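To start, the structure itself, in structure tokens.
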Amino acid sequence: MTTEDRLKALRAGKILNDDVFLDCLEALDADYVAAWRASKTPEEREKCWYMQNALAAIRHAAELGAEEVE
């Protein structure tokens, strides 16, 4: 890993682990769960499922980025 890559990883880690950013992810997660519960069609539930998976991918990326810097 180059020095530039390490600096980018550190900056990304700061953003992805920032309390405000994490609060936003939690709020989005709650919104998607509420939308899923209120959905009336399989298509609406599927859209919520995709959104949940996108949030999970962001969280996973944050975890991997933190590990790479350590």
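Bear in mind that the values in this text are calculations on the coordinates, not laboratory data. Note that the structure is predicted; figures quoted are calculated from it, not measured. A quick note on method: Cβ atoms are made from the backbone with ideal geometry, for glycine too, and the neighbour counts reach across all protein chains shown.
For every helix of n ≥ 4 consecutive DSSP H residues, a contribution of -39,500 (n - 2.57) applies; sum these over the chain, divide by its total residues, and give [θ] at 222 nm rounded to the nearest 500 deg cm²/dmol.
Taken over the chain, the calculation gives -30500 deg cm²/dmol.
Students often get this wrong, so try it: which of [x] 74; [y] 83; [z] 169 is volume of the Cα convex hull per residue in Å³ as calculated from the structure shown?
Label of the calculated value: [x].
Between Asp19 and Lys40, what's the calculated FRET efficiency when r is the beta-carbon distance and R0 is 35 Å? Round to 0.05.
0.50
Helix by helix, which DSSP H runs in the chain go 20 Å or more along their axis at the Cα atoms and have an average Kyte-Doolittle hydropathy of -1.0 or more?
Working: long enough: 19-38 (28 Å, 0.49); 42-69 (41 Å, -0.60).
Passing helices, by number: 19-38, 42-69.
May I ask you to derive the relative contact order of the chain, considering only C-alpha pairs under 8 Å and at least 6 residues apart, and to give it as an integer percent?
Numbers: 32 pairs, mean separation 34.0, N = 70.
For the chain, the relative contact order is 49 percent.
Taking the Cα-to-Cβ direction at Asp5 and at Glu26 and moving 7 Å from each Cα, how far apart do the two end points lie in nm?
3.4 nm
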